[in-house]
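One structure is given here, and the rest of the page talks about it.
Values quoted throughout were computed directly from the atomic coordinates according to the rules given, and no laboratory measurement underlies them. None of the values given here were measured: they were computed from a predicted structure. Cβ: placed from backbone, ideal geometry, glycine included. Neighbour counts: every protein chain shown.
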């Protein structure tokens with residue numbers, strides 16, 4: 001097992017990564033702060049594989065835990081589902097000494113985290129991500145939230161976990177499409193922060209797609225390190241942390257306009273990264289060749305790079321204007337300067353964004 005410490009003063013915590021770490025869940029929870037009881041929140045798909053192990057580990061450390069399942073899928077990441085979680089916790093007689101353990105992907109982590117952040121004004125949270133995407137992104141950094149009709153993650157709270165437990169064995173049951181979705185987020189980390197890491201990913205595409213244990217763990221470890229480094233500097237996204245949103249501005253709009261069903265998060269992110277790289281190059285922010293490097297690596301990971309022809313540029317821009325990345329009416333985008341470097345640009349015009357989306361639509365990249 002390997003550990004990464006996130007140093008945030010009284011909100012500091014440790015991320016444990018390795019094969020079989022789920023069996024240490026109970027000991028990790030007990031060592032942080034013994035809860036009066038635990039709500040283990042998952043969905044039926046994940047619970048079928050891993051809830052029994054999680055409950056057994058908690059029980060072995062003397063922790064009373066109850067499984068709460070909610071439907072799987074982004075379309076259920078709503079306030080209505082969170083209310084059901086609240087009701088279940090009330091039924092458990094959960095008090096302020098209780099804790100939430102989020103067992104699942106990003107949807108579970110975001111939603112269970114939001115429930116923990118708001119139940120009785122906040123109780124302890126433990127993240128146990130079971131998808132690659134959640135392991136390298138959603139479980140780290142304390143962002144929680146739900147979707148509303150006007151956009152993704154527009155209602156939420158910052159609520160740091162007490163600990164994150166990443167068991168790489170959970171990737172064995174991950175569908176290949178979900179694996180690729182997680183790899184999109186991993187590639188993003190290389191683009192925005194570390195060219196050497198980007199080159200490593202490009203070199204080992206086949207092995208990572210084949211779930212090579214050591215290389216996949218190395219990628220998870222490095223991606224978590226990158227996110228840790230950024231979060232420690234800017235916990236609440238007032239500056240540097242916004243670079244993690246590269247690809248998400250356009251990507252979130254695509255997800256929302258597609259009804260959260262056509263694309264996985266990482267797939268929409270991949271498309272968004274191409275659009276935003278085109279925007280950066282066209283406006284002299286990115287060096288020449290950035291778009292080509294981004295597209296080529298995403299294609300190697302079998303991720304979509306073509307703009308969805310069914311979505312109009314005007315609809316995408318309108319969706320972006322409702323997003324929390326728009327501040328004071330100004331578009332605030334994280335754009336690559338070159339592979340390994342990214343900066344936040346707060347003066348992007350709607351015309352420039354529309355032109356980039358239109359240019360992406362004209363390119364046939366697949």
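Extension gain for the segment residue 27 to residue 214, taken as residue separation times 0.36 nm less the Cα-Cα distance, is 64.8 nm to one decimal.
If you plug the beta carbon distance of residue 121 and residue 5 into 1/(1 + (r/R0)^6) with R0 = 30 Å, you get a FRET efficiency near 0.65. Available extension along the chain between residue 292 and residue 78 is 73.3 nm, counting 0.36 nm per residue and deducting the alpha carbon span.
Summing -39500 (n - 2.57) over the DSSP H runs of n ≥ 4 in the chain and dividing by its residue number, what mean residue ellipticity at 222 nm do you reach, to the nearest 500 deg cm²/dmol? Dividing the helical sum by the residues of the chain leaves -14000 deg cm²/dmol. For the chain, the longest principal axis of the Cα atoms and the long axis of helix 44-60 meet at an angle of about 40 degrees. The length gained by stretching the chain between residue 12 and residue 315 to full extension, at 0.36 nm per residue less their Cα-Cα distance, is 105.0 nm.
Taking 334, 30, 286 as the candidate residues, the one with maximal mean-square fluctuation in a Gaussian network model of the chain, Cα springs under 10 Å, is 30.
Taking the mean number of other Cβ atoms within 10 Å as a proxy for protection, how do you rank 118-127, 170-179, 140-149 from highest to lowest? Show your work: numbers first, answer last.
On the way: 118-127: 19.5, 170-179: 16.2, 140-149: 21.1.
So the peptides 118-127, 170-179, 140-149, ranked by packing, come out 140-149, 118-127, 170-179.
Between 154, 58, 208, the GNM of the chain built on Cα springs shorter than 10 angstrom shows 154 fluctuating the most. Working from Cα pairs under 8 Å separated by at least six residues, relative contact order for the chain is 15 percent.
Each of 95, 137 was scored by other Cβ atoms within 10 Å of its Cβ. Listed from fewest to most, they are 95, 137.
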